[in-house]
Each structure stands twice: as C-alpha cells, then as structure tokens.
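Here is the structure we will look at.
The values are calculated or read from the model by the stated rules, or taken from the named source; none is laboratory data. Quantities reported herein were computed from a predicted structural model and do not represent experimental measurements. Here Cβ is always computed from backbone atoms with ideal geometry, including for glycine, and neighbour counts include all displayed protein chains. Only protein heavy atoms, including side chains, enter the accessible area calculation; ligands, DNA and RNA are left aside. Shrake-Rupley method; radii C 1.70, N 1.55, O 1.52, S 1.80 Å.
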Amino acid sequence: MHLAAHFPGVNNTTVWADPRSRSQIEFSSFEHLARTAERGKFDFFFLAEGLRLREHNGRVHDLDVVGRPESLTVLNALAAVTEKLGLAATVNATFNEPYELARRLATLDHLSAGRAAWNVVTSSDAFTGENFRRGGYLDRADRYTRAAEFVATARELWDSWTPDGTSRPFTHEGPQFTISGEFTVPRSPQGHPVVIQAGDSDEGREFAASAADIIFTRHGTLEAGRTFYADVKARLAAYGRQPDSLKIMPGVTVVTGDTDAEAQENAAEIRRQQVSPQNAILTAEQIWGTDLSAYDPDGPLPDIDPVPDSEITQGRVRHGDPSPSSRLRSSRGGPISIVARWRALAEAKGLSLRQTVIETTTRQSFIGSPATVAAELTAFVDERAADGFILVPHLTPGGLDDFVDRVVPLLQESGAFRSEYTGSTLRSHLGLPEPVWKG
C-alpha cells in the first residue's frame, strides 16, 4: 500500500472554526504535516494550488484559502527539514512554460536528493486565465493536447543531460512549443521527477495512461474503485507500459474513534462543522446559480429552478461537473437533475437545506475504529480498487496525527504497509524504475 498526505485548504473539507485549526500560510503548518507524514513512512506530501482568488457572487470566496504560498517554493523549504518523504507540487500546464518549469522541478529533485513530483493539471477556466494570457484561456479541447506536449517537452529537457553529466543542446518543434538551447540543470537524481495526473474524465485517464506515474482520482465505493482501476490499467498496454508502472491513488478522508460508533459520531460532527449555515447557502448557490441569501439554511430547499450556465461562482469547478467523489455530484446530469434529486432526498428524509447539503456533499471515505479503517483500506488494495491513498485531513496542520499514531501501526503489523523506508528517492518508495535515458 502507498500513502500520501494532502495539505488541506483548497476544498470544502477543511474545518476552519475548530480551535485546533492553524495557519494555512506559516511554514510551521507545512512542516508539521510533512514531518507527521514522514514519521508515518508516507510516500509523499502533496500540495494543491490555486492561481486566482476564487469569487462567489462577486466577492472573494471566504471559505477557501487566500494567500497560499507558491507550492514549489514551499517544497524547496520542506526538503531541508525532511529526509525521505516525497514532495509533490501541483503546477498548471496551461499557464506555465516547459523550460522554466522543468528547471524548477529538476532543482527541487536535486535539493531533495530525488524526492520531487509534479502533479500536472490543466485549465479551460477563462476567469483564472485572465491572470496569464491574452484571451484568458485555452479551449477545453486543447488543454490536454498542450499538457501532453508539455510533459513530453519537459522530459526532453531533462534528458538533454547525459547520465554521466554532459550537457547537450536540445531542440523541440511542435504545435504547442518550439524551443531550442541548452538546459541549465544537470540530470537529477530520479532522472525525471515523478509525474502525477489528477483527473477522472476519459481524457484524463488516457493522458495518465500515456504519461503519468500516479493518477490522483476520486471514487466513493469499492465497486467504483475497481471499475476505475481496471479501466485505467487496461489502457497502459497501448503505450507499451506494464500495469505496475502507474499507481492509482484516490484522495480519501478518514475519521476514527475508539469504536465504530464513536467514529460515526465524530464524522457527523465534522460534517456539521464543514457545512456551516453560511456554507450551506453558498453550496446551494453554486447549484442553483443565483443568490439564495434570503433563504433559511435550516428551512426547506429553494422553491425556484436553477439558472442555467450561471457565472455566480468564478475560479472553481461547479457542482454538477463529473466527479465520482459524491453520489449526487455525478455525471448523471447538471444542476436541474441535481436539484431534482436533492428535492426527492429532502422530502423522503425530512431534511432542511443544510441537512441536505451535509447528506450529499461531505461524507467521509473511511469511518471507524483504527482496526476497521485499516481493514477497509487494505481491502481496497487487495480488491484492486487502488494502489494506495492520498489522505485529505480536515484540520491543518494536525489532521494526520491520529491516523499516523493509530492506523499506520496496524497496517505495518499486518504487512500491508512499510515499517521503514527501503530507499531514498520517491521512485524507490513507489517501486518505479528510473526512466530510461532517451538523449
């Protein structure tokens, strides 16, 4: 089993009001979570990134992080206070250039002695794109085309230095990039930093099969995980790859307690904290596409129809986009069908608006005693629903402590997870070979 830690904040799982919640900006928060992950022998530490302050109804979205430091800069600092833990940064292929980003990633790989990883994401979001390019964005159809050539170009740059330390000129000519020169950073300890792809769409799966070492995904049930796992692994052969050359690691949340019943109580309280009355209205506004401030979050659902193609929310994925992470935020339609399902659920269970949001959007992945959680995680791997997990805690920075202290020892005792690191690079943790030099 492979394990990674996701620094929380750029999502709606984070609980801001808990007294144990600390800064999203101070280095001590990043250091605490990274040191905890390394103490637990995790494969890597994973940072998300936002490229524009998100807005809702014309105002900065106050339930998300503002002022988060740039990811690679944070990871370079963490390289100095960790020894084995992999360091993964989300960096957008739509709004960066291969030469500059390849240098930054190779530098991190050198500074960390071979622990760098790049989570490749793309964007067709014109709102975010206004910060970067004339016209604001790439067409959705072009974003994976650019990303595939971006990754290939970065690998050409990394391979422009021979394994024995000789620099060679490079030239790349393609639809997206035409560049030439000499790369300034020698071949790094891993050869290439580990490449992660985040995405569940058919395009994302194909891109991961062709170019990634890890796919960061979401699926809520064992059966959904097995279906996704089988589909992605089957795509690898077309690219001459073996099934174990791509690790499938869904993002998951975990809540524990001394007993399964106590864990369920803890999970219910966390869900109530995650969905405050204000957050319930905000979440509903993303679906209805209009101002719902006049509605009582503890009252019934709005009695109006959703506004199609609303732009009330800018800089984030609208509810209704395909995402297996939620039973109701699925590919079975857009806002109109979601509202219909919410109304049916609310009527059947007698739920208020806030209770409906809690019921449909924030259920944790694994809930139970440490023994129950360890057994369920192991079952997902044994049943080929995942190769491991990226844990997304609800608290910063101490949200991983309980898992490392109480669940990891059980996984180690059963042989499902390592007791010690056996190598020094992220590729060694993941069981991935060093890339063959193609200079």
- FRET efficiency for Lys349 and Glu182, using Cβ-Cβ distance with R0 set to 56 Å, rounded to 0.05: 0.30
- Note on the structure: Rounded to one decimal in nm, the spacing of the 7 Å Cα→Cβ label points at Ser167 and Asp305 is 6.4
- Message: Run the numbers for Thr422 and Ala77: contour at 0.36 nm per residue of separation, minus the present Cα-Cα distance, in nm.
- Response: 121.8 nm
- Expected unfolding gain across Ser201-Glu269 under the 0.36 nm per residue rule, minus the alpha-carbon gap, is 21.2 nm
- Item | Antiparallel bridge percentage (DSSP; both residues within segment 34-129; nearest 5) | 15
- Message: Tell me the net charge near Ala385. Cut-off is 10 Å between Cβ atoms, Ala385 excluded, with +1 for each Lys or Arg and -1 for each Asp or Glu.
- Response: -2
- Note on the structure: For the chain, the longest principal axis of the Cα atoms and the Cα long axis of helix 140-158 enclose an angle in degrees, to the nearest 10, of 30
- In square angstrom, rounded to the nearest 10, how much accessible surface does Trp437 have for a 1.4 Å probe? 80
- A correct Karplus calculation of ³J(HN,Hα) over segment 352-358, with 6.51 cos²θ - 1.76 cosθ + 1.60, θ = phi - 60°, whole Hz and x for Gly and Pro, returns 7, 4, 4, 5, 5, 4, 4
- Message: Using a Gaussian network model on the chain with a 10 Å cutoff between Cα atoms, which of His219, His56, His172 fluctuates the most?
- Response: His172
- Honestly segment 195-320 on the Cα gyration tensor test (a ≥ b ≥ c root eigenvalues; a/c under 1.5 rounded, otherwise a/b vs b/c for prolate or oblate) is just oblate
- Task: Among Ser310, Gly86, Gly257, pick out the residue whose Cα is farthest towards the positive end of the charge dipole of the chain, where Lys and Arg carry +1 and Asp and Glu carry -1 on C-beta, about the Cα centre.
- Result: Gly86
- So for segment 1-127, using the alpha carbon gyration tensor with a ≥ b ≥ c as root eigenvalues (a/c under 1.5 gives rounded; past that, a/b versus b/c decides prolate or oblate), I'd call it oblate
- Query: Using 7 Å Cα-to-Cβ label points, what is the Thr290/Ala113 separation (nm, one decimal)?
  - Reply: 6.1
- Report, in deg cm²/dmol and to the nearest 500, the calculated mean residue ellipticity at 222 nm for the chain, where each DSSP H run with n ≥ 4 adds -39500 (n - 2.57) and the sum is divided by the residue count. -11000 deg cm²/dmol
- Task: Rank Leu377, Leu292, Leu47 by mean-square fluctuation in a GNM of the chain with C-alpha springs under 10 angstrom and give only the top-ranked residue.
- Result: Leu292
- Highest-MSF residue in the chain out of Pro397, Pro306, Pro169 [GNM, Cα springs under 10 Å]: Pro169
- How high is the relative contact order of segment 112-203, given as a whole-number percent (alpha carbon pairs under 8 Å, six or more residues apart)? 34
- Item | Alpha carbon centroid spacing (whole Å) that separates segment 118-188 from segment 378-439 | 29
- Task: Determine the dipole magnitude for the chain: charges of +1 sit on the beta-carbon of Lys and Arg, -1 on that of Asp and Glu, nothing else is charged, the reference point is the Cα centre, and the result goes in debye to the nearest 20.
- Result: 500
- Pairs Lys84/Lys233; Lys41/Lys438; Lys247/Lys438: which exceed 25 Å Cα-Cα? Lys84/Lys233; Lys41/Lys438
- Where labels lie 7 Å past Cα in the beta-carbon direction, separation of Trp437 and Ser28 in nm: 4.6
- Message: Can you give me the long-range amide H partners of Phe45? Hydrogens built in the peptide plane at 1.01 Å from N, cutoff under 5 Å, separation of 5 or more residues or another chain.
- Response: Ala5, Gly86, Leu87, Ala88
- Per residue solvent-accessible surface (Å²) - the chain, probe of 1.4 Å: 42
- Note on the structure: Once Lys and Arg are counted +1 and Asp and Glu -1 for all other residues with Cβ under 9 Å from that of Gly431, the total becomes +1
